[in-house]
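In what follows, a structure is listed as structure tokens, so that the remarks can point back to it.
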Amino acid sequence: MATPHIVYSDQLDISLGGLEKLHPFDGRKFSKAWEQITSILGDKLDGFSHLVTSPVTDKSLSTFHTDFYLSLVADKRYLAQVVEIPIVRWLPSSWVMDGIVKPMRYATQATILATELALDDGFAISLAGGFHHASKENGEGFCAFSDIPVAVNLLTQRGKLNDGSRIAIVDLDAHQGNGFEHAFYEDERVRFFDMYNCDIYPKDRFAEKRIDYPVKLASKTADAEYLSQLKEHLAIFIERFGPFDLIYYNAGTDILAGDKLGQLSVSFDGVLERDAFVLDMCQKASKATVMVTSGGYSADSYKLIAQSVINQFEL
């Protein structure tokens, strides 16, 4: 397996002066994961770590999102709905833009860079991204920008992807990836494998029709059932639709037992086994693999992200 390029920015953390704690999402998990990764891997990261120093531009976002939608994202009242923190609508706009929107812009740029690196060299991991509830003209579920569609459209525009490129999204966040499914609804290049808790949000029936291979789980699904379903069905999906030019792995850590929003019961070691298996399968089935970290709302989310990255360097 290839050594992954790691994409990070020191602007990824969500911060509203402590008010972000009104949502179960750990706004500092990105910097905490990076600190753990660098403390353990050290010099092994030389040549493989990439710092994003500027946010995604409106021009890049406009390859997918409409200008009207981008104006909505600049409205704190709309953002309060997207991030599900009602008090946001009453905060100073500068707080909201700097504390929420700017980090999501950096995360979207990180997905773009990770995609470029993977297309050039085979494998990249962004420590953020995977905003799979945002679509062309709608943000929800703590997702303001639809980063993967933006990356695909931008890199198609740049000639690194084309109309014949075969792309897969392997979405293993605990929630259905309805935003991405809406985004690529008519794009025949993209195939979806979506394994999710069907008892929880978003229950988007229209988007479900776009999933090429859905695997619906019940709340409290634990290691044995989860890993059995994954290993059986992902193999079938790849055999049926692969090989691919590019696979995105949406590696949500909200499948972890105790995650208040994911409501599944996979152990810490079970999540790591999932990541190792999926990344191995994706690299064997595609020319380029990109991992993004998506949702994860427990205190251990950052530890899982860090350990999955570290494990890829220690294979």
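The values are calculated or read from the model by the stated rules, or taken from the named source; none is laboratory data. These numbers were taken from a predicted model, which means no experiment stands behind them. All Cβ positions, glycine included, derive from the backbone under ideal geometry; neighbour counts span all protein chains shown. Side chains included, ligands, DNA and RNA excluded: accessible areas come from the protein's heavy atoms. Shrake-Rupley method; radii C 1.70, N 1.55, O 1.52, S 1.80 Å.
Quick notes on this structure:
- When Leu272 is tested against the conditions (1) buried (at least 21 other Cβ atoms within 10 Å of the Cβ); (2) assigned to a helix (DSSP H, G or I); (3) not charged (D, E, K, R), the lone failure is (1).
- The residues of region 96-114 that are of a type in the set (S, T, N, Q) and in contact with a Pro (Cβ under 9 Å, 6 or more places away or on another chain), listed by number, are Thr108, Gln109.
- Selection of first residues in region 101-128 that are within 25 Å of Lys303 (Cβ to Cβ) and hydroxyl-bearing (Ser, Thr, Tyr) and of second residues that are open to solvent by 30 Å² or more (accessible area, probe 1.4 Å) and outside any helix (DSSP H, G or I), restricted to Cβ pairs under 7 Å at least 6 apart or on distinct chains, gives the following pairs, ordered by first then second residue: Tyr106/Gln11; Tyr106/Pro55.
- Residues in region 19-35 that are open to solvent by 20 Å² or more (accessible area, probe 1.4 Å), at pLDDT 95 or above and either aliphatic (A, V, I, L, M) or more than 17 Å from the chain's Cα centre (by Cα) (or both): Lys32, Glu35.
- Where helices (runs of 4 or more DSSP H) sit wholly within region 117-227, those with at least 1 residues that are touching a Pro at 6+ places or on another chain (Cβ under 9 Å) and of a type outside the set (Gly, Ala, Ser) occupy 178-183, 205-208.
- For the condition open to solvent by less than 30 Å² (accessible area, probe 1.4 Å), in contact with a helix residue (DSSP H, G or I) (Cβ under 7 Å, 6 or more places away or on another chain), among the aliphatic types (A, V, I, L, M) and not in a helix (DSSP H, G or I), Val309 does not qualify.
- Of residues in region 128-162 being in contact with a helix residue (DSSP H, G or I) (Cβ under 8 Å, 6 or more places away or on another chain) and among the charged types (D, E, K, R), the one surrounded by the most Cβ atoms within 10 Å (Cβ to Cβ): Asp147
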